[in-house]
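Have a look at the structure below before the remarks.
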Amino acid sequence: MNYEAALDASLQRLHDEGRYRTFIDIVRKKGHFPQAVWRRPDGTERDITVWCGNDYLGMGQHPKVLAAMHEALDATGAGSGGTRNISGTTVYHKQLEAELADLHGKEAALVFSSAYIANDATLSTLRSIFPGLIIYSDALNHASMIEGVRRGGGAKRIFRHNDVAHLRELLAADDPAAPKLIAFESIYSMDGDFGPIREICDLAKEFNALTYIDEVHAVGMYGPRGAGVAERDGQMHRIDIINATLAKAYGVFGGYIAASARMVDAIRSYAPGFIFTTSLPPAVAAGAAASVRELKTAQHLRDAQQLHARILKTRLKALGLPIIDHGSHIVPVHVGDPVHCKMLSDMLLDQYGIYVQPINFPTVPRGTERLRFTPSPVHDPKQIDNLIRAMDALWRHCALNRAEVSA
């Protein structure tokens, strides 16, 4: 085996298909989000506006978050010193989990190193807790959920995206006595569409199934206290396990689940992804807790973010650009070709100082490549104007289709 040749061939395939991923080296400036500095490969620098960040509300630079992190860092040092089971549980971790349990109205919460690990570890471990468990998974669930379902082994059923009738057929076809779990998302991040939470909960009740929801793109953003779409829709009490992140709207790092105390106890006792992983640094846990606490009463940030998303979508539609609009804060613009998508991204960055990363396969299916914008409360009217003018000019320059993609 010529290992070097195999490496070269695998990387060349990505280049040939136009989906080789390039890291953009940026420096975020405290107090100036969404402005940043792009360090070009030749060593020169340029001021840019970040339009694809997941720090949806700018909480990564919030004074209360930074103050909490400084306090914990000065008090405890850099790292946690171990796994949660072996010297890695501190008062900061317990405070964070208490804030999260309160946020979701659950008895307990459990913090992981990321929402990806939380999904993977929890879904795969549930097989050990409930022998014979059948998992019903939405076809467009995140890769972390797919991996958790796959790695746990056992029976699984994939229902067509947001197709409650298909889900009912699958549930009805299985043994009524078999343990069941329905896994889905509240907001699907590539199209920005919502999951049918109430309808799925109704089916779960009818067929005695557990419910597992990923609220990664919704926590902090929806609901009167930012607990997510399930809170907004009055369905949070009907969800058995809620998964979410601390790295998007909360602007810090880490992931978690919230559930009953018994469910959390079982997961923490059996999940290798939790047991054998060093816990979050105390400073990170403290910053995350401060962010969760702050956003419970920061409706003005959610309102401003939704307003800016509506403005951006309205103006892009007015240009005839093919946006996908399901009413969420995510603004995807359909391109449909990986080479064109990367070219548009490069031109926006180089010519206009606008940073938006191309979204290509395997993140989205081939032929649905897109630019995905995530407006925040602190993107000002001038920055929105600059983006609109740039998109109009580049769409004209590249002679791309202006017929709107249906939602």
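A few notes on this one:
- Whenever a residue of region 118-135 is in a loop (DSSP other than H, G, I, E, B), its partners that are buried (at least 24 other Cβ atoms within 10 Å of the Cβ), lying with C-beta atoms within less than 6 angstrom and at least six residues away or across chains, give the pairs Leu133/Leu126.
- Flag for Asp265 being more than 23 Å from Asn85 (Cα to Cα) and either of a type in the set (Asp, Glu) or open to solvent by less than 20 Å² (accessible area, probe 1.4 Å) (or both): no
- Gly254 closer than 29 Å to Ser128 by Cβ, modelled with pLDDT of 95 or more and crowded, with 19+ Cβ neighbours inside 10 Å: yes
The rows are residues; the columns are (1) touching a residue at least 24 places away in the same chain (Cβ under 8 Å); (2) closer than 16 Å to Leu348 by Cβ; (3) open to solvent by less than 80 Å² (accessible area, probe 1.4 Å).
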| residue | (1), (2), (3) |
| --- | --- |
| Leu7 | no, no, no |
| Asp16 | no, no, no |
| Arg19 | yes, no, yes |
| Ile24 | yes, yes, yes |
| Pro34 | yes, yes, yes |
| Arg39 | no, no, no |
| Glu45 | no, no, no |
| Cys52 | yes, yes, yes |
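- Test: residue in region 254-261 that is closer than 28 Å to Ala68 by Cα, of a type in the set (Phe, Trp, Tyr) and in a loop (DSSP other than H, G, I, E, B): no
- Only one of Asp214, Asp193 that is acidic (Asp, Glu), closer than 24 Å to His93 by Cβ, open to solvent by less than 20 Å² (accessible area, probe 1.4 Å) and not assigned by the TED database to the domain that holds Thr374: Asp214
- His70 passes every criterion in (1) closer than 29 Å to His329 by Cα; (2) touching a helix residue (DSSP H, G or I) at 6+ places or on another chain (Cβ under 9 Å) apart from (1).
The values are calculated or read from the model by the stated rules, or taken from the named source; none is laboratory data. Source: prediction; values computed, not measured. Neighbour counts run over all protein chains shown; Cβ positions are idealised from the backbone, glycine included. Just the protein is used for accessible areas: all its heavy atoms, side chains included, with ligands, DNA and RNA removed. Shrake-Rupley method; radii C 1.70, N 1.55, O 1.52, S 1.80 Å.
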